[in-house]
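What follows is calculated from the coordinates using simple rules that are stated; it is not laboratory data. Everything numeric here is computed off the predicted structure, so don't read it as measured data. Cβ: placed from backbone, ideal geometry, glycine included. Neighbour counts: every protein chain shown.
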Amino acid sequence: MNKDFFYGRKVLVTGASSGIGKETARLFAKNGYSVFGVSRKIEEGREDYGEGSVTYLKMDVTEKESIQRVLDTIGDFSILIHSAGFGIAGSAEDSDISLVRLQEETDYYGVLLLNSLALPVLRRQGKSLVIAVSSIAARVPLPFQGHYSAAKYALEAYMGALRNEIKEFGVRVCVVEPGDLSTGFTSKRKKAIVDSSPYSTLYDKAIKEIEKDEREGGEAIDAAKVIFSLTKRKNPPYRKAVGFTYKILMFLLRFFPDRLTLYILRKMYNLD
């Protein structure tokens with residue numbers, strides 16, 4: 001096999017209608033890969049990029065029949081990139097539980113469901129790769145995004161267990177951790193706090209700061225490039241933060257006591 005395509009040339013990318021998923025699908029296609037980009041809301045069709053292409057298909061990661069229909073269409077493939085997801089914002093105490101569950105169905109259980117159907121295919125390939133887009137929020141409990149952090153914490157715990165369990169089958173497993181990025185994720189974040197919440201004032205202050213940081217952050221292509229770089233490594237790392245600043249921050253957090261980490265978060269989001 002061509003060394004430039006160590007894990008093969010056929011890729012499935014979820015969440016490909018926008019943001020990181022869309023940029024990732026196009027980046028792979030521009031580098032000669034045959035990409036299938038899926039999303040619940042997407043215009044089906046095909047984009048050609050020289051020797052590569054993106055075929056867009058509708059798929060809901062929370063529905064088994066929808067997933068199986070796409071897997072039957074694309075056949076064997078060897079790279080799976082989980083990028084579907086959305087965020088909610090609300091207090092830890094009184095967020096709308098229906099929105100909490102909806103987020104978990106997509107961001108966490110959607111990965112589990114797709115993997116349960118796709119991993120038998122990947123194990124047959126001899127060499128394959130599974131990458132999940134996680135978040136810096138998986139390492140630090142973000143105020144008023146606690147339920148989003150919890151979903152990403154769970155995702156990383158699951159992916160870490162999978163990495164060890166499936167290694168002997170030739171499947172490598174990684175998570176990519178973006179920080180603040182300027183993408184459609186900001187405008188699509190769902191407000192989960194109830195109108196009568198005693199946390200409303202603090203919530204408004206925190207979300208204002210969060211949205212400012214995201215608007216001034218990097219671009220979706222930055223995360224896509226990190227994802228692409230992992231396909232060039234025989235033994236890619238389990239975790240990979242996006243951006244030099246976040247790499248340093250994640251390294252330093254290893255040495256911070258929990259009290260200091262939580263104090264820094266309070267200051268970052270104007271909660272004092």
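Per-residue ellipticity at 222 nm computed for the chain from its helices equals -13500 deg cm²/dmol, with DSSP H segments shorter than 4 residues left out and the rest contributing -39,500 (n - 2.57). Binning the alpha carbon pair distances of segment 116-191 at 10 angstrom intervals from zero yields the distribution 17, 42, 26, 14, 1, expressed in whole percent. With N the number of residues in segment 3-268, Rg(Cα) / (2.2 N^0.38 Å) evaluates to 1.00.
Ranked by the mean number of other Cβ atoms within 10 Å per residue, highest first, peptides 51-61, 261-271, 35-45, 154-164 order as 51-61, 35-45, 154-164, 261-271. Find how many whole Å separate the alpha carbon centroid of segment 1-40 from the alpha carbon centroid of segment 204-272. Spelled out, the Cα-based centre of one part sits 24 Å from the other. Comparing TYR153, LEU142, PRO237 along the charge dipole axis of the chain, the residue lying farthest to the positive side is PRO237, per the Cβ-charge model. Residue by residue, segment 141-150 carries 3J(HN,Hα) couplings of x, 6, x, 6, 10, x, 6, 5, 4, 4 Hz when phi is fed to the Karplus relation 6.51 cos²θ - 1.76 cosθ + 1.60 (θ = phi - 60°); x denotes Gly or Pro.
Taking 30 Å as R0, compute the FRET efficiency from the Cβ-Cβ separation of ARG101 and ARG266 and round it to 0.05.
0.60
Ranked by the mean number of other Cβ atoms within 10 Å of their residues, highest first, the peptides 226-232, 66-72 fall in the order 226-232, 66-72.
With a simple spin-label model that places each label point 7 Å from the Cα along the Cα-to-Cβ direction, the separation between ASP213 and ASP72 comes to 4.5 nm. Our summary gives segment 3-268 a relative contact order of 20 percent, counting only alpha carbon pairs under 8 angstrom and 6 or more residues apart. Amide H contacts of GLN145: GLY90, each under 5 Å away and 5 or more positions distant or on a separate chain (H built 1.01 Å from N in the peptide plane; Pro and chain starts excluded).
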